[in-house]
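Just below is one structure, and these are the notes that go with it.
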There are 2 protein chains.
Amino acid sequence: MANGRSIRFYYDLISQPCRALYIFLEQNKIHYQKCPIALRKWEHTTPEYLQNVNRFGKVPAIVDGKNFKLAESIAILRYLAREFTVPDHWYPRDSRRRARVDEYLEWQHSNTRLHCAGYVRYVWRGPLRGETMDPRVAKRLKAEMVGCLDFIETNVLQRDVHFIAGDEISIADLEAACEIEQPKLAGYDARVGRPKLTAWMQRVKETTQPDYDEAHKVLNKFAPTAT
Amino acid sequence: MANGRSIRFYYDLISQPCRALYIFLEQNKIHYQKCPIALRKWEHTTPEYLQNVNRFGKVPAIVDGKNFKLAESIAILRYLAREFTVPDHWYPRDSRRRARVDEYLEWQHSNTRLHCAGYVRYVWRGPLRGETMDPRVAKRLKAEMVGCLDFIETNVLQRDVHFIAGDEISIADLEAACEIEQPKLAGYDARVGRPKLTAWMQRVKETTQPDYDEAHKVLNKFAPTAT
């Protein structure tokens, strides 16, 4: 453990990858400084943020020490797993187990993330910003999301393992679960009708409590079907 | 070097990530078996392919030894960089340099890849499959791609370094360059009007010849503005 080391964490818990990173930081008792960034106030697009924190203008981001700026949640998770002493299961040193974690995380971008976030953005965030919603577009985006979640149920979650990349929780599960919670904002609960996904989400939650619930407080507050 | 080790490589060089992986394999003289998969014949969707090679139904994929199946080009690149003796610059062991490679590769999915591939898919591949093209959609997709490429020119490629993540070539450059070549299929040359991007693409090409040109032979054959 690098005690006293200063990691500044820039985040908004309404963002899925911010929640994944928050849970990881808390679970591993990594000392960090909270730097909340309100997306609704566009604080991630100010010139100061772009220059001093993340030139990509997104959350999450970290600044390690005086000036090592790093963006992209998955790159940050890998960096923290190298820089701090964390249990091996999060990002296994075993080459094939690590490859399995990486495989899901790469696949996720154009699948779980694209479709779940895409639907929420169009159906929930768009109208909040005064954008009009075309029901045919909403229907198409929902169908793409449903297809992706069904694929996760039948192909990604293997019958004989407890988590995405094996019998122990990894950073792939954190990223995936946080993405799959997001459609709740648009009134869609991914668990309904998907028993394997439901059991897996429950395992991720139980393994990472109380941090999982803490991370999802804001989302559950805004979600019409909040449980 | 694990001489005699059997890696089967499933690919179609019309696909960007397949080209990146092909260049890496050739540059590092990794012994592998070529298993071409014709996307235009939907060979990536046959039950045999899904079961024996890649359940995600995509290229590239590898099978290492008897049965270690791995999908997703970036996960494969990281795996090969661990499993074989390759020069450090491809995926540096130094934690911060590695983080910089990872940061670009994570960012790329929802930016370089989404926008360049999205435009090509709609404007080039769609009509080939008999789909009608809405000029307004094509215009919007092109604007998104142009915005992304401009951002790469001004923000991703730093003035004082030669490659994306430092002064030496890494897997980030391979993935990026292969994505940015793709819009040629739709008659769009990303180099035009972008001097930093042009110089960087040239460096990537020169550093990886003759494999770069070999990888892009098929693309250049189909590209209306082939040079």
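Within the stretch B:183-198, which residues are closer than 24 Å to B:V161 by Cβ, part of a helix (DSSP H, G or I) and not hydrophobic (A, V, I, L, M, F, W, C)?
The answer is B:P195, B:K196, B:T198.
Scan the stretch B:37-77 for residues that are more than 18 Å from B:H109 (Cα to Cα), charged (D, E, K, R) and buried (at least 20 other Cβ atoms within 10 Å of the Cβ) and report the count.
Final tally of qualifying residues: 1.
From (1) at pLDDT 95 or above; (2) within 26 Å of A:R129 (Cα to Cα); (3) more than 8 Å from every other protein chain (Cβ to nearest Cβ), pick out the condition that doesn't hold for A:R40.
Unmet for A:R40, out of (1) at pLDDT 95 or above; (2) within 26 Å of A:R129 (Cα to Cα); (3) more than 8 Å from every other protein chain (Cβ to nearest Cβ): (1).
Before we move on, is B:R93 out of contact with any Asp or Glu (no Cβ under 9 Å at 6 or more places or on another chain) and modelled with pLDDT under 95? Spell out how you get there, then give the answer.
Working: out of contact with any Asp or Glu (no Cβ under 9 Å at 6 or more places or on another chain): yes; modelled with pLDDT under 95: no.
Taking the combined requirement at face value, the residue does not satisfy it.
Determine if the stretch A:51-68 includes at least one residue that is part of a helix (DSSP H, G or I) and farther than 30 Å from A:D167 by Cα.
Kept after step one, since they are part of a helix (DSSP H, G or I), are these residues of the stretch A:51-68: A:51-52.
In the following step, the residues that additionally are farther than 30 Å from A:D167 by Cα were identified as A:51-52.
Yes, the conditions are met somewhere in the stretch A:51-68.
From the list B:E72, B:E83, B:E103, pick out the single residue that is farther than 26 Å from B:C148 by Cβ and acidic (D, E).
On the way: B:E72 fails: farther than 26 Å from B:C148 by Cβ; B:E103 fails: farther than 26 Å from B:C148 by Cβ.
The unique qualifying residue is B:E83.
Which members of the stretch B:66-79 meet the condition of being within 10 Å of another protein chain (Cβ to nearest Cβ) and more than 15 Å from the chain's Cα centre (by Cα)?
B:F68, B:K69, B:L70, B:Y79
Pick out, from the stretch B:80-179, the helices (runs of 4 or more DSSP H) lying fully within it that include 2 or more residues that are more than 10 Å from every other protein chain (Cβ to nearest Cβ). Outline the logic, then answer.
Details: elements: B:95-108, B:114-120, B:135-151.
Hits in the stretch B:80-179: B:114-120, B:135-151.
Could you run through the stretch B:124-155 and say how many residues are buried (at least 16 other Cβ atoms within 10 Å of the Cβ), at pLDDT 95 or above and not charged (D, E, K, R)?
Residues in the stretch B:124-155 being buried (at least 16 other Cβ atoms within 10 Å of the Cβ), at pLDDT 95 or above and not charged (D, E, K, R): 7 in total.
Residues of the stretch A:41-65 being among the charged types (D, E, K, R) and more than 18 Å from the chain's Cα centre (by Cα), which ones? First the steps, then the outcome.
Narrowing the stretch A:41-65 to residues among the charged types (D, E, K, R): A:41, A:43, A:48, A:55, A:58, A:64.
Passing the criteria: A:K41, A:E43, A:E48, A:R55, A:D64.
Considering every residue within the stretch B:213-222, establish whether at least one is surrounded by 22 or more Cβ atoms within 10 Å (Cβ to Cβ), outside any loop (DSSP other than H, G, I, E, B) and touching a residue at least 12 places away in the same chain (Cβ under 8 Å).
For the stretch B:213-222, residues surrounded by 22 or more Cβ atoms within 10 Å (Cβ to Cβ), outside any loop (DSSP other than H, G, I, E, B) and touching a residue at least 12 places away in the same chain (Cβ under 8 Å): present.
What are the residues in the stretch A:162-194 that are open to solvent by 40 Å² or more (accessible area, probe 1.4 Å), out of contact with any Pro (no Cβ under 9 Å at 6 or more places or on another chain) and within 26 Å of A:R82 (Cβ to Cβ), if any?
If the condition is that a residue be open to solvent by 40 Å² or more (accessible area, probe 1.4 Å), out of contact with any Pro (no Cβ under 9 Å at 6 or more places or on another chain) and within 26 Å of A:R82 (Cβ to Cβ), then A:H162, A:D167 are the ones that fit.
Taking the options A:I23, A:I30, name whichever one is in contact (Cβ under 8 Å) with a residue 40 or more places away in the chain and part of a loop (DSSP other than H, G, I, E, B). Break it down stepwise before answering.
On the way: A:I23 fails: part of a loop (DSSP other than H, G, I, E, B).
Only one candidate qualifies: A:I30.
The values are calculated or read from the model by the stated rules, or taken from the named source; none is laboratory data. Keep in mind that what you see is a predicted model, and the values were worked out from it rather than measured. Every residue, glycine as well, gets a Cβ built from its backbone with ideal geometry; the counts of neighbours run over all protein chains shown. Surface accessibility is based on the protein's heavy atoms, side chains included, excluding ligands, DNA and RNA. Shrake-Rupley method; radii C 1.70, N 1.55, O 1.52, S 1.80 Å.
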